[in-house]
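Accompanying notes for the structure given below.
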Amino acid sequence: MWSKRLLFVAKSAVVLAASALASVSGAANAQTVTITALYRLDKDSSFEQGCFPPCECPVMLGAPVTGTFLLTPSGYDGLYNTYAVTRVNLRVPFNSADMIVTGSGSYKVGGEVALLRELALELQLGGAQVGHFDSGLVPVAAPLPDLKVTISTNHQYCFDSAFNINASPAPAPQLRLGLASTNEIVFSWPVSAAPFALEESSDLKATNWTTVTNAPTDIGEENQVMLTRPPGNRFYRLLPHGGAGGSE
């Protein structure tokens with residue numbers, strides 16, 4: 001289980017509260033991530049292009065891959081927990097330039113007996129035509145929240161392109177709260193490569209949190225949002241931009 005920091009603004013006091021907003025179940029057929037999570041590729045992720053067995057040819061390119069994507073729960077089909085994979089943004093170094101890889105797709109994990117998973121992505125490599133990359137249904141190599149799987153265009157048969165994905169949730173920036181004046185509060189969090197959205201709710205258990213529409217202002221290495229102090233109680237949190245309560 002991992003947790004995000006919540007800020008609770010009361011009518012007469014400002015209180016910092018911690019709450020677990022995302023959880024993982026390790027049951028064989030019930031692995032889940034409960035809210036949108038920002039994933040970052042670990043250092044052993046890689047890209048390969050060339051000839052795989054049983055074919056033999058002299059071409060085989062390999063390079064490390066870095067980048068991020070969002071994983072958002074999308075439902076349960078009776079057998080698999082399903083997720084939307086969005087905002088895929090990867091970099092593959094080739095010679096003196098980086099190949100930018102973008103796209104989206106889906107992930108599912110579950111099974112009737114054995115625990116299986118499948119990652120399927122539509123990816124555009126360096127501005128080329130979008131291609132379909134798929135792992136097929138294969139045994140789980142690492143339980144959630146970690147994600148370890150190989151996707152390719154031709155199931156790694158003869159000439160193919162493949163991504164060896166090893167990713168884990170990236171820590172969310174710490175949200176801080178201050179009083180700008182008697183009636184104004186200011187939220188701040190470190191600037192990061194991945195965008196985060198500030199959300200609010202009057203009910204901690206609500207599922208329909210509202211994205212704060214005030215645009216963050218960059219001040220030094222921080223994002224800052226200033227708001228009029230709300231009446232009553234209000235909770236605030238950060239989610240990856242495009243999360244369950246935010247806008248894509």
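Bear in mind that the values in this text are calculations on the coordinates, not laboratory data. These numbers were taken from a predicted model, which means no experiment stands behind them. In this analysis, Cβ positions are derived from the backbone assuming ideal geometry, glycine residues included, and neighbour counts consider all displayed protein chains.
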> V138: net charge of surrounding residues, Cβ under 12 Å, Lys/Arg +1, Asp/Glu -1, itself excluded?
Replying inline: +1
>> Can you work out the Karplus-derived ³J(HN,Hα) for every residue in region 107-114? Use 6.51 cos²θ - 1.76 cosθ + 1.60 with θ = phi - 60°, whole Hz, and x for glycine or proline.
In response: 9, 9, 8, x, x, 6, 10, 7
>> Calculate the FRET efficiency for C57 and K205 from the Cβ-Cβ distance with a Förster distance of 51 Å, rounded to the nearest 0.05.
In response: 0.30
> In region 149-248, which trypsin sites (Lys or Arg not before Pro) are in a loop and have at most 15 other Cβ atoms within 10 Å, using DSSP for the loop call?
Replying inline: K205
>> Using the basic label-point model (7 angstrom from Cα toward the beta carbon), what is the A170 to N89 distance in nanometres?
In response: 0.7
> What residues of region 116-138 lie in the reach of a label at H155, counting those whose backbone N is under 17 Å from a point 7 Å from the Cα along Cα→Cβ?
Replying inline: 117-121, 132-138
> So for the pair D98, Q129, with labels modelled 7 Å out along Cα→Cβ, what separation do we get in nm?
Replying inline: 2.7
> Using the Karplus equation 6.51 cos²θ - 1.76 cosθ + 1.60 (θ = phi - 60°), what ³J(HN,Hα) coupling, rounded to whole Hz, does each residue of region 211-219 give in order, writing x for Gly and Pro?
Replying inline: 6, 5, 7, 5, 6, x, 10, 7, 10
>> Test of understanding: what is the full-extension gain from V186 to T34, defined as 0.36 nm times their sequence separation minus their Cα-Cα distance?
In response: 51.9 nm
>> Compute, for region 37-169, the length of the dipole vector about the Cα centre, with Cβ point charges of +1 (Lys, Arg) and -1 (Asp, Glu) only. Units Debye, rounded to 20.
In response: 340
> Name the chymotrypsin sites (Phe, Trp or Tyr not before Pro) in region 74-129 that are in a loop by DSSP and that have at most 11 other C-beta atoms within 10 Å, would you?
Replying inline: none
>> Just to confirm the filter: which GluC sites (Glu not before Pro) across region 100-195 are DSSP coil and have at most 15 other Cβ within 10 angstrom of their Cβ?
In response: E112
>> Taking a ≥ b ≥ c as the square roots of the Cα gyration tensor eigenvalues, with a/c under 1.5 meaning rounded and otherwise prolate when a/b beats b/c, else oblate, which class fits region 54-137?
In response: oblate
